[in-house]
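The values are calculated or read from the model by the stated rules, or taken from the named source; none is laboratory data. Remember, it's a predicted structure, so these values are computed and weren't measured experimentally. Glycine also receives a Cβ, built like all others from the backbone with ideal geometry; neighbour counts cover every protein chain displayed.
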There are 2 protein chains.
Amino acid sequence: MPDLDVVVVGGGILGLASAYYIKSLHGELSVAVIERGRDVGQGNTARSVGGYRQGIFTSYVNRVLAETTIQHLREAEASGETSLNMREVGYLILLDDNRLKNVETVVETFLKEGKAILLNPETLSEKLHMRTDFTGDEEAMLMGLSNIKAGLFAPRCGFLDVEKVVNLYKKRCIDVGVELILGKRVEKLLLEPENPLGIPREPRAWQKVRVAGVVADGEVIKAGKVVVATGSWTPQLLDPLGVDCFIKAKKRQLFVISAEGELQRLLTNTWDGGRPMPMMFFPNGLYIVPRMSDKAFWVSLTDEFGRGFGLDDEPEPSYYLDNVYPPLVKYYPQFLNARPSSMWAGTYSMNYLDGNPLIFRFLNCLVVTGASGSGVMKSDAIGRIAEAALFGKEYAMLHGGVKFEVSRLGVENRRVDKEYFIL
Amino acid sequence: MPDLDVVVVGGGILGLASAYYIKSLHGELSVAVIERGRDVGQGNTARSVGGYRQGIFTSYVNRVLAETTIQHLREAEASGETSLNMREVGYLILLDDNRLKNVETVVETFLKEGKAILLNPETLSEKLHMRTDFTGDEEAMLMGLSNIKAGLFAPRCGFLDVEKVVNLYKKRCIDVGVELILGKRVEKLLLEPENPLGIPREPRAWQKVRVAGVVADGEVIKAGKVVVATGSWTPQLLDPLGVDCFIKAKKRQLFVISAEGELQRLLTNTWDGGRPMPMMFFPNGLYIVPRMSDKAFWVSLTDEFGRGFGLDDEPEPSYYLDNVYPPLVKYYPQFLNARPSSMWAGTYSMNYLDGNPLIFRFLNCLVVTGASGSGVMKSDAIGRIAEAALFGKEYAMLHGGVKFEVSRLGVENRRVDKEYFIL
């Protein structure tokens, strides 16, 4: 007899949302989340920027996941269930000639669908006080910066308090009776023969096997089904079983710049009849998040080539100085001499195939991973799809009655568009 | 100035075939293969079974790659260029109810296309002396063996001497002027800024980068283009750059059983008017290769769940006893008490997404990997596609004038069917 019907490994936002929908739709089953942290949502979920966007994914699937989730969260707010502090400041994606060329078709679609508008360099410069023209700036040219030709502004985007989303699903989990097992680290999944023979060294390679549970801090916890929702750590659990989860862990850092003097004026600047400053994403990976409530900017730069895969999550002060500051001060000279007052880092579970989440079964397990840095804004949809996938349903019903074919996010018969806007 | 125009990292069969086609189509370029072994083809290529098959892949792409390669090798033999000792004994894939159900549609296609015929249990038992019926054998039932319902026999398959294929491409490489740099281990790929600024810690994350060459045994070798053809070791070179190659290394073992007495009679048995014993693949992963010339059987069992990923390539005597022998002696009681006289192991570069090779560019590099255990039989086609991909051609011309769209095997716009017959 298993100790539990369903064990969800990992109490990040995706584990919580999955556990909630599993338990709420299968009240008769015992469901537990095992989390190594002292509380849920304290791993990479907590290090997230908390950005959310509607409309501006190149993958249709990503759009559906994010839009239904954001709509769900909005309605949870409207109903008084929670307050997520959603600040819909908009996403502003800056385009130079090169980026413009690469995303031309999708940009046209976004514009046609009314998901975004295009701002010209004059608006960017006059209203958002950004430097867009580097003509004659030899240093900028050597750095590879080129003139900003346009800004794609998507108003239905912004950021929210990740902690509050975590608390929403934590409370829901507790309310429906999900057990939260905290401070326990799952070391491995327990592979057992379906029909034990009582011989040494089982399971033998010719035996049919199942995942009988997990080993957590040396203790065996038996389970009928196991959901692996361990984000970047997923290969640590699945590699020893010989199951590929198709993700790599990539470090991402955030630096907090207190907004004083000229920076304070920039932070409180408004445009377009009272809009606050948007989240800004520059062509070379630099991004700026205006955090009015913290009187600060969060800044970073998404590095690709040369940032090796791995689970290290120490922030690097030199990373700010070497990599973030030089382009930052070019686009916004207001940041001259700005230094971070604090910083942190986490890892994304990156799916480099197509940038969409992966939700697939093997044996009696379900793997939920590959959110590629946009898990929070897709959490509600992913939780619902995880429930459907675990119980072999063909469709999941997302918020608002949107029917979603579960196999699209699987491996066997995966059907997703590639995501080019991994911001 | 680079030391070389093209460096191919890895002198396995795929590196050799790639280097050969690159140099033979671009005679003006300096091309070198860097191999850590004392000779080429001594890594996982040498540990291969050397099986080849025509027709019976579920992936159309895999069929094309194998068929054009085998045809090419046949003609190389016919022309007197080489002798590969191709023994077309046929592949016999044994089907129980479960496997039959899973592959029903493809089996029908193979039969319709004349790629294979179906043998009934009586033929298997009477002509091939195999046990197919385990009714009443409680031990077999406990082991999960079920009755063999049919055998899919594909005659245009067999095995060849891998060493001779290696020597063919080695000689060709030397003939066209590829430099073979042996006994040098490439430790890493050298990432450099496209436009160096002469500042510390370049490349910075905002700089455009290229792979300027490799570091081999501490020595920098600069190259205009780099081809990474390192099979299972590919993640070791690409992970530090933050480039996913979508493969996992999986250990595979082979055990040699000398054929004496009853086993000798089995080895020399003929059927269907003089056909030798075929290579046999059983439902639970067990396979048997009759090696007349060695007076031996090669046997093993392909283990999936529980065989963790990794580069360990030590053969395990206990693996034979625990995992190979028990089902082996059930299907063929002639193996009673048979013990291996020798054994070896290697690793497959497994692509678990779709089981087809991966040939894709990043920066000025080309990655050729993921052959998933069938690289030798696809080597000629892969070499030609690698050349085309490296030089940005849309199509590669395979043997016999078969036009192949290079992007099918890439990541960006991958178009392959899933391979279900990874044997």
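Limited to the range A:197-214, what total is found for residues that are within 7 Å of chain B (Cβ to nearest Cβ) and touching a residue at least 60 places away in the same chain (Cβ under 8 Å)?
Residues in the range A:197-214 being within 7 Å of chain B (Cβ to nearest Cβ) and touching a residue at least 60 places away in the same chain (Cβ under 8 Å): 1 in total.
Quick one: which residue in B:Phe391, B:Phe404 is under 20 Å from B:Gln71 (Cβ atoms) and in the same structural domain as B:Gly51 (by TED's automatic domain parsing)?
Working: B:Phe391 fails: under 20 Å from B:Gln71 (Cβ atoms).
Sole residue among the options that is under 20 Å from B:Gln71 (Cβ atoms) and in the same structural domain as B:Gly51 (by TED's automatic domain parsing): B:Phe404.
Here is a list: A:Leu65, A:Leu100. Which entry is assigned to a helix (DSSP H, G or I) and within 16 Å of the chain's Cα centre (by Cα)? Don't jump to the end; show me each part of the working.
Working: A:Leu100 fails: within 16 Å of the chain's Cα centre (by Cα).
Within the list A:Leu65, A:Leu100, the selection yields A:Leu65.
Taking A:Pro290 as the residue in question, decide whether it is buried (at least 18 other Cβ atoms within 10 Å of the Cβ), more than 13 Å from chain B (Cβ to nearest Cβ) and under 22 Å from the mean Cα position of the chain (by Cα).
On the way: buried (at least 18 other Cβ atoms within 10 Å of the Cβ): yes; more than 13 Å from chain B (Cβ to nearest Cβ): yes; under 22 Å from the mean Cα position of the chain (by Cα): yes.
Yes.
Search the range A:256-287 for residues being among the hydrophobic types (A, V, I, L, M, F, W, C) and within 17 Å of the chain's Cα centre (by Cα), and hand back the single one that is surrounded by the fewest Cβ atoms within 10 Å (Cβ to Cβ). Outline the logic, then answer.
So the first thing to find is which residues in the range A:256-287 are among the hydrophobic types (A, V, I, L, M, F, W, C), and the list is A:256-257, A:259, A:263, A:266-267, A:271, A:277, A:279-282, A:286.
Filter once more, keeping what is within 17 Å of the chain's Cα centre (by Cα): A:279, A:281.
Working: A:Met279: 25, A:Phe281: 22.
This residue is A:Phe281.
Rundown of residues vs (1) over 21 Å from B:Pro283 (Cβ atoms); (2) over 30 Å from the mean Cα position of the chain (by Cα), yes/no style:
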residue	(1), (2)
B:Glu113	yes, no
B:Leu118	no, no
B:Glu122	no, yes
B:His129	no, no
B:Glu139	no, yes
B:Ser146	no, no
B:Lys149	no, no
B:Cys157	no, no
B:Asn167	yes, no
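Go through the range B:141-195 and tell me which strands (runs of 3 or more DSSP E), entirely inside it, have 1 or more residues that are of a type in the set (Gly, Ala, Ser). Full working, then the answer.
Details: elements: B:150-154, B:179-182, B:186-193.
So the answer is B:150-154.
From A:Asn356, A:Asn337, A:Asn413, grab the single residue that is in a loop (DSSP other than H, G, I, E, B), surrounded by fewer than 18 Cβ atoms within 10 Å (Cβ to Cβ) and within 14 Å of chain B (Cβ to nearest Cβ). Steps first, please.
Working: A:Asn356 fails: surrounded by fewer than 18 Cβ atoms within 10 Å (Cβ to Cβ); A:Asn337 fails: within 14 Å of chain B (Cβ to nearest Cβ).
On inspection, the qualifying residue turns out to be A:Asn413.
Has the range A:315-330 got at least one residue that is under 19 Å from the mean Cα position of the chain (by Cα), under 29 Å from B:Phe305 (Cβ atoms) and surrounded by 18 or more Cβ atoms within 10 Å (Cβ to Cβ)?
Kept after step one, since they are under 19 Å from the mean Cα position of the chain (by Cα), are these residues of the range A:315-330: A:315.
Imposing the further condition that a residue be under 29 Å from B:Phe305 (Cβ atoms) reduces the set to none.
No, there is no match, as no residue in the range A:315-330 is under 19 Å from the mean Cα position of the chain (by Cα), under 29 Å from B:Phe305 (Cβ atoms) and surrounded by 18 or more Cβ atoms within 10 Å (Cβ to Cβ).
If B:Gly114 meets every condition in (1) touching a residue at least 40 places away in the same chain (Cβ under 8 Å); (2) in contact with a Gly (Cβ under 9 Å, 6 or more places away or on another chain) apart from one, which number is that one?
(1)
Is it the case that some residue within the range B:383-405 is among the acidic types (Asp, Glu), more than 16 Å from the chain's Cα centre (by Cα) and under 14 Å from B:His26 (Cβ atoms)? Spell out how you get there, then give the answer.
In the first step, residues of the range B:383-405 are kept if they are among the acidic types (Asp, Glu); the result is B:387, B:394, B:405.
Keeping just the survivors that are more than 16 Å from the chain's Cα centre (by Cα) gives B:387, B:394, B:405.
Among the residues that remain, those that are also under 14 Å from B:His26 (Cβ atoms) are: B:387.
Checked the range B:383-405: at least one residue is among the acidic types (Asp, Glu), more than 16 Å from the chain's Cα centre (by Cα) and under 14 Å from B:His26 (Cβ atoms).
Here are B:Arg252, B:Arg156, B:Arg185: which of them is at pLDDT 95 or above, closer than 30 Å to B:Pro327 by Cα and surrounded by fewer than 21 Cβ atoms within 10 Å (Cβ to Cβ)? Give the steps one after another, and end with the answer.
Numbers: B:Arg252 fails: surrounded by fewer than 21 Cβ atoms within 10 Å (Cβ to Cβ); B:Arg185 fails: closer than 30 Å to B:Pro327 by Cα.
Residue meeting the stated conditions: B:Arg156.
Any idea which of B:Leu111, B:Leu84, B:Leu118 is loosely packed, with under 14 Cβ neighbours inside 10 Å and touching a Leu at 6+ places or on another chain (Cβ under 9 Å)?
Details: B:Leu84 fails: loosely packed, with under 14 Cβ neighbours inside 10 Å; B:Leu118 fails: loosely packed, with under 14 Cβ neighbours inside 10 Å.
Just one listed residue meets the conditions, B:Leu111.
Return the pairs, sorted by first residue and then second, in which the second residue is aromatic (Phe, Trp, Tyr) and part of a helix (DSSP H, G or I), the first residue lies in the range B:310-335 and is closer than 23 Å to B:Arg47 by Cα and touching a residue at least 40 places away in the same chain (Cβ under 8 Å), the beta carbons are less than 6 Å apart, and the residues are 6+ apart or on different chains.
The qualifying pairs are B:Leu328/B:Phe335.
Count, please, the residues in the range A:293-324 that happen to be at the interface with chain B (Cβ under 10 Å from one of its Cβ atoms) and in a helix (DSSP H, G or I).
Count: 6.
Across the range B:1-49, what is the number of residues that are within 30 Å of B:Val89 (Cβ to Cβ) and of a type in the set (A, V, I, L, M, F, W, C)?
Residues in the range B:1-49 being within 30 Å of B:Val89 (Cβ to Cβ) and of a type in the set (A, V, I, L, M, F, W, C): 7 in total.
B:Val227 - would you say it is within 30 Å of B:Leu191 (Cα to Cα) and assigned to a strand (DSSP E or B)?
yes
Can you tell me which condition A:Val220 does not meet? The list is (1) crowded, with 19+ Cβ neighbours inside 10 Å; (2) more than 10 Å from chain B (Cβ to nearest Cβ); (3) closer than 30 Å to A:Tyr20 by Cα; (4) among the aliphatic types (A, V, I, L, M), and all the others hold.
Checking A:Val220 against (1) crowded, with 19+ Cβ neighbours inside 10 Å; (2) more than 10 Å from chain B (Cβ to nearest Cβ); (3) closer than 30 Å to A:Tyr20 by Cα; (4) among the aliphatic types (A, V, I, L, M), the one that fails is (1).
Yes or no: A:Lys225 in the same structural domain as A:Leu14 (by TED's automatic domain parsing) and surrounded by fewer than 20 Cβ atoms within 10 Å (Cβ to Cβ)?
Numbers: in the same structural domain as A:Leu14 (by TED's automatic domain parsing): yes; surrounded by fewer than 20 Cβ atoms within 10 Å (Cβ to Cβ): no.
Answer is no for this residue.
Evaluate the following for A:Leu237: is it of a type outside the set (Asp, Glu), assigned by TED's automatic domain parsing to the domain that holds A:Met130 and part of a helix (DSSP H, G or I)?
Numbers: of a type outside the set (Asp, Glu): yes; assigned by TED's automatic domain parsing to the domain that holds A:Met130: no; part of a helix (DSSP H, G or I): yes.
Criteria not met by A:Leu237.
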